[in-house]
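First comes the structure, then the notes that go with it.
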Amino acid sequence: MVVNGRPVAVTAGGGGDGGMVRVWDLNSGHVTHSLAGHTGWVGAVATAVVDGRPLAVSGGEDGDVRVWDLTAVHATHTLTGHTREVGAVAMAVVDGRRVAISGGEDGEVRVWDLTTGHVTLTLTGHTTSVTALVTAVVDGRPVAISGGRDGEVRVWDLTTGHVTLTLTGHTTSVTALVTAVLDGRPVAISASFDHTVRVWDLTTGHATLTVRTRFGMTLAIAVVDGQPVAISSGENGTVGVWDLTTGHATHSLTGHTGWVRAVATAVVDGRPVAVAACEDSTVRVWDLTTGHATHSLIGHTGIGCAVATVMVVGRPIAVTASWDSTVRVWDLITGSCLTTLTLPHRAQCVEISADATVVLGMGYEVIVLTLEPVFRRLR
């Protein structure tokens, strides 16, 4: 982000200092502010705008959910209640108010009012850890969809707190969730360690499609030639593309030589692409229409663990994080690396917004920074 015309980074937490939040001037490298923060690893971040102000929400190993004002550079709320690690966070709007939803290893899903910081709902039902969270609107009502290590997918009405659907079929942990609209109906797509990807009608609760696959670690959604597809990845280095209407595999995207840990989608020159980060340290880009690789993005020297995409000044951009403790920003048209950020520790999750604000989870810390100086060169 930019404060008084100067780019800054914000780090929340820190292993040896009680988890302080620090604000760094990126030009001088000096600390400008120190605030209290997480005391455990940060495993999930999400962003939203509340009352015109950009916020980040982070979940950590310490069981806390923290809300950060990205303009004023301070924590607005520390949301406590989970008794174990928080590994999933999401955002929604309920009755005109922005809320955060968190899922923890305690099996609970909690809903927090981001204006007051109060917990409005505590949703129980999972018998083990909540591993994935997404939100959707069904019949005009906001819902949260949670996946657990118990193999269940649960749908919660965020107004009443009632569970509206319990979706069973997976035989082991749910690893990823995304939502989409198929033929005008809201659906959830879940992936699991049981090597299946399932599509659920969120109105009826029926599984409309079950695909047995070797790819079940991560999920993303795209539209190819007018048809919605799911992109899933796994341990064998291959990324699978599935037609969500028929269940047919349309492409098997090869080239990686290790576990593909993260996948995202973008549109490049009007064509949908998949971007995947892998254990083999490379980031690959494929055209989802042809199945051909368009770029192999070389630069990381460690395991690729996170990827996010955004359109900035009309150009598709990918941001990737690696165990080599760097974050790289890529132009998806040219395949060139626009900048490399070197961190004290490796980042494990990344979000980027259209205003070029990047939110990273790194160790005990949350880092917020702006890429505006980099993107200014593209204008």
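Bear in mind these aren't lab numbers, they're just calculated from the coordinates by the rules spelled out. All values reported here derive from a predicted model rather than from experimental measurement. Here Cβ is always computed from backbone atoms with ideal geometry, including for glycine, and neighbour counts include all displayed protein chains.
Could you tell me whether the stretch 262-379 comes out rounded, prolate or oblate from its Cα gyration tensor? Rule is a ≥ b ≥ c as square roots of the eigenvalues, rounded for a/c under 1.5, then prolate if a/b exceeds b/c, otherwise oblate. Mind showing how you got there, number by number?
On the way: a/c = 1.87, a/b = 1.23, b/c = 1.52.
Judged from the Cα gyration tensor, the stretch 262-379 comes out oblate (a/c at least 1.5, b/c at or above a/b).
For the pair residue 248 and residue 164, what calculated FRET efficiency results from E = 1/(1 + (r/R0)^6), where r is the Cβ-Cβ distance and R0 = 41 Å, to the nearest 0.05?
0.85
For the chain, calculate the relative contact order in percent as a whole number, restricting contacts to Cα pairs under 8 Å that are 6 or more residues apart.
That works out to 11 percent.
Could you compute Rg(Cα) / (2.2 N^0.38 Å) for the stretch 90-189, with N its residue count? Before the final figure, lay out the partial values.
Details: Rg = 12.8 Å, N = 100, 2.2 N^0.38 = 12.7 Å.
Output field value: 1.01.
Once every Cα of the stretch 178-304 carries one equal point scatterer and solvent is ignored, give the base-10 log of I(q)/I(0) from the Debye formula at q = 0.17, 0.23 Å⁻¹, two decimals.
-0.81, -1.35
Roughly how many Å is it from the Cα centre of the stretch 148-219 to that of the stretch 59-109, as a whole number?
Cα centres, the stretch 148-219 to the stretch 59-109: 22 Å.
Compute the signed sum of charges (Lys and Arg +1, Asp and Glu -1) over the other residues within less than 14 Å, Cβ to Cβ, of residue 265. Write down the numbers at each step before the final one.
Values: positive: 271, 284; negative: 287.
Here the count lands on +1.
Relative contact order for the stretch 185-329 using alpha-carbon pairs under 8 Å, separation at least 6, rounded to a whole percent?
13
Simple spin-label model, 7 Å along Cα-to-Cβ: residue 221 to residue 206 in nm?
2.0
Could you line up 338, 288 from fewest to most neighbouring Cβ atoms inside 10 Å?
Details: 338 19, 288 24.
Ascending number of Cβ neighbours within 10 Å: 338, 288.
About the Cα centre of the chain, what is the dipole size in debye to 20, counting +1 per Lys and Arg Cβ and -1 per Asp and Glu Cβ, all else neutral? Walk me through the intermediate numbers first.
Details: 24 positive and 33 negative charges, 123 e Å.
In debye, rounded to 20, the chain gives about 600.
The stretch 55-143: D in µm²/s via Stokes-Einstein (Kirkwood Rh, Cα pairs, 37 °C, 0.692 mPa s)?
Rounded, D is 250 µm²/s.
Tell me the net charge near residue 98. Cut-off is 14 Å between Cβ atoms, residue 98 excluded, with +1 for each Lys or Arg and -1 for each Asp or Glu.
Working: positive: 53, 97; negative: 51, 69, 95, 113.
Surrounding charge for residue 98 is -2.
Could you give the semi-axes, largest first, of the ellipsoid that matches the stretch 139-223, computed as the square roots of 5 times the alpha carbon gyration tensor eigenvalues and rounded to whole Å?
20, 15, 10
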